[in-house]
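> Would you mind keeping the following structure in view while I ask a few things?
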Amino acid sequence: MENTAQDIDLFDVFKWLRKQFKKLIIYLYRFVRFLIRNALILLGLIILGYASGYGISTFFKQSKTAEIIVGPNIESTTYLYSKIDQLNRGVSSKDTSLISELKTVFPNTRVDEISIEPVEDVVNLLENNQLSNDELSAYLLDNNTPKSSFFEKPLLTPVYNLHKITITASGNFDDPDLFMSLLEKEEHLKAKLKAEAQNLKEELKFNSYTINQIDSVLVNLNLALKNGKQSLDIIAVSDDSNLSSVLNSKLELIKRNAQINKQLLNLDTVFKVYSYSKWLNKSSWKTNLRFILPLVLFLFFIFYHLTLRFRKRFKADL
């Protein structure tokens, strides 16, 4: 008896499912027939919605973004981050003085947001390590992800050589390089840049003089050793000799001068721009109205007819 009851229950379930599937097929058929019968109206609504959305979106200034990769040529990373933070807070709080400052760079433009973050590089962490062993271990083992809170520590930003500035704005734009002139206009930065260039030139001059002195001593010493039937090359083989230390010092000075010459080439600006992207449209509901409005009109038409059908079917009850 129990098995017979279960068979009856399963039969009823399959019968109910078949009935529901049949209803679904009927509803789909009616819906497709409704779409075909009202195809011209729906097509007109889609065209109207697209045209209206396109027209309305032209009244909104589209947000655009640009990314600038910069590297401080002097010790000014802390200033760079504080200046970007100041400008961004000025934009969010509608500070007229800071907004007018941005207007000099971006005329007829509304700046929405300015942000900065380091271009993460493990090599920088190892070369310019200012972290404790525990913090460095935490980075290498547990926090090597872009969203980690570890990257938000202020002490980490000077370690990186490159930083990415992201500007989100609306309107007409000029070259993003103009934004860098705003960051470099402070007089103390110009004085610091000038002093840094002068110090490097003095160091280059002193190193070159020392190298010449070493060369002069080595030439005279080599002549003396040859007259004494002993070669400079033989003495230089010993790492413990003072002469080997002098030769190593000369090599380090030559390497250092090469670095200085490279630094001086880039020292015409406080922040060197390595690359920047063109202004790209940032997608938003305002810019997608030409797609949103046709969908809204389509759904409204369907909902309107469903409401009429509902009222007609339950008119007596209502």
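The values are calculated or read from the model by the stated rules, or taken from the named source; none is laboratory data. A quick note: this is a predicted structure, and the numbers were derived from the prediction, not measured. Don't worry about glycine lacking a Cβ; one is built from the backbone with ideal geometry, like all the others, and counts go over all protein chains shown. These area figures cover heavy atoms from the full protein model, side chains too; ligands, DNA and RNA do not enter into them. Shrake-Rupley method; radii C 1.70, N 1.55, O 1.52, S 1.80 Å.
> Suppose the filter is surrounded by fewer than 16 Cβ atoms within 10 Å (Cβ to Cβ) and either modelled with pLDDT of 80 or more or touching an Asp or Glu at 6+ places or on another chain (Cβ under 7 Å) (or both); does GLN86 pass it?
yes
Residue by residue, here is whether (1) touching a strand residue (DSSP E or B) at 6+ places or on another chain (Cβ under 7 Å); (2) free of Cβ contacts under 8 Å to residues at least 40 places away in the same chain; (3) open to solvent by 50 Å² or more (accessible area, probe 1.4 Å); (4) not in a helix (DSSP H, G or I) holds:
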{"position": "LYS22", "(1), (2), (3), (4)": "no, yes, yes, no"}
{"position": "TYR27", "(1), (2), (3), (4)": "no, yes, yes, no"}
{"position": "PHE31", "(1), (2), (3), (4)": "no, yes, yes, no"}
{"position": "LEU40", "(1), (2), (3), (4)": "no, yes, yes, no"}
{"position": "ILE56", "(1), (2), (3), (4)": "no, no, yes, no"}
{"position": "ASP112", "(1), (2), (3), (4)": "yes, no, yes, yes"}
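> Let me ask something else. Go through (1) of a type in the set (A, V, I, L, M); (2) at pLDDT below 75; (3) open to solvent by 60 Å² or more (accessible area, probe 1.4 Å) one by one and return the number of the condition ILE292 breaks.
(2)
> A further question on this structure: Which one is farthest from GLN263 (Cα to Cα) among residues in the range 188-214 that are within 32 Å of the chain's Cα centre (by Cα) and small (Gly, Ala, Ser)?
Ranking the candidates gives ALA191 first.
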